[in-house]
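Read through the structure below, which is laid out as structure tokens, and then see the notes.
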Amino acid sequence: MQVPVPSLTHSFTLSIELSAPIELGKGRAGLRRIIPIIGGRALGPDLVGEVLDLGADWQTIHADGAAHLDTRYAVETEDGAVIEIVNAGTRHGPPDVIARLAKGEDVDPSQYYMRTAARLETGDPRYDWVNHTIFVSAGIRRASAVEVAFYKVD
């Protein structure tokens, strides 16, 4: 018997609208900031709906410029289910690329690394499958938005 090799299947993409960062200053592990999540869209194939105007990304920026991403937010599907998303990961790249992102420039996502692992949860029986699925994602940072593609680990 061989250990199975996981595969990935695209589940949905979030287009997440952000408010201006709230800068906390230097913490124990690096610079701290909170970026409020104020809306957006979830586009299928598995989930379609609205990103709710709540939640945030609590970031720690390390000395090398890498950002630890720690987000919590929710999606309301078109058929009325509410799904919590807790998403953690990292964004890093060459200093000049990170500086351009910080200025709000659109940067080719092949020039930096933005990956996360997500846990989804709901009490709606129609979407119970999300409670038992592991998701990984890749993202793109924009000036006032983030696009994140979520993949089911099969």
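Can Gly104 be described as on the phi > 0 side of the Ramachandran plot and touching a helix residue (DSSP H, G or I) at 6+ places or on another chain (Cβ under 6 Å)?
Working: on the phi > 0 side of the Ramachandran plot: yes; touching a helix residue (DSSP H, G or I) at 6+ places or on another chain (Cβ under 6 Å): no.
So Gly104 does not fit the description; no.
Looking at Ala29, Ala88, Ala56, Ala67, can you tell me which residue is surrounded by 20 or more Cβ atoms within 10 Å (Cβ to Cβ), of a type in the set (Gly, Ala, Ser) and within 21 Å of Arg115 (Cβ to Cβ)?
Ala67
May I ask you to list the residues in region 38-91 that are of a type in the set (Val, Ile, Thr), over 18 Å from Asp128 (Cβ atoms) and in contact (Cβ under 8 Å) with a residue 24 or more places away in the chain?
Listed by number, the residues that qualify are Val51, Thr60, Ile61, Thr71, Thr90.
Please go through region 97-154 and give me each residue that is among the small types (Gly, Ala, Ser) and either surrounded by fewer than 13 Cβ atoms within 10 Å (Cβ to Cβ) or part of a loop (DSSP other than H, G, I, E, B) (or both), ordered by number.
Gly104, Ser110, Gly123, Ala143, Ser144
State the number of residues belonging to region 123-154 that are closer than 18 Å to Ala88 by Cα, out of contact with any Leu (no Cβ under 9 Å at 6 or more places or on another chain) and either among the hydroxyl-bearing types (Ser, Thr, Tyr) or free of Cβ contacts under 8 Å to residues at least 24 places away in the same chain (or both).
Counting residues in region 123-154 that are closer than 18 Å to Ala88 by Cα, out of contact with any Leu (no Cβ under 9 Å at 6 or more places or on another chain) and either among the hydroxyl-bearing types (Ser, Thr, Tyr) or free of Cβ contacts under 8 Å to residues at least 24 places away in the same chain (or both) gives 2.
Quick note: the coordinates plus some simple rules give every number you see, no bench work behind them. This structure is a prediction, so every number in the text was calculated from the model and none was measured. So basically every Cβ, Gly included, is an ideal-geometry build from the backbone, and we count neighbours across all protein chains shown.
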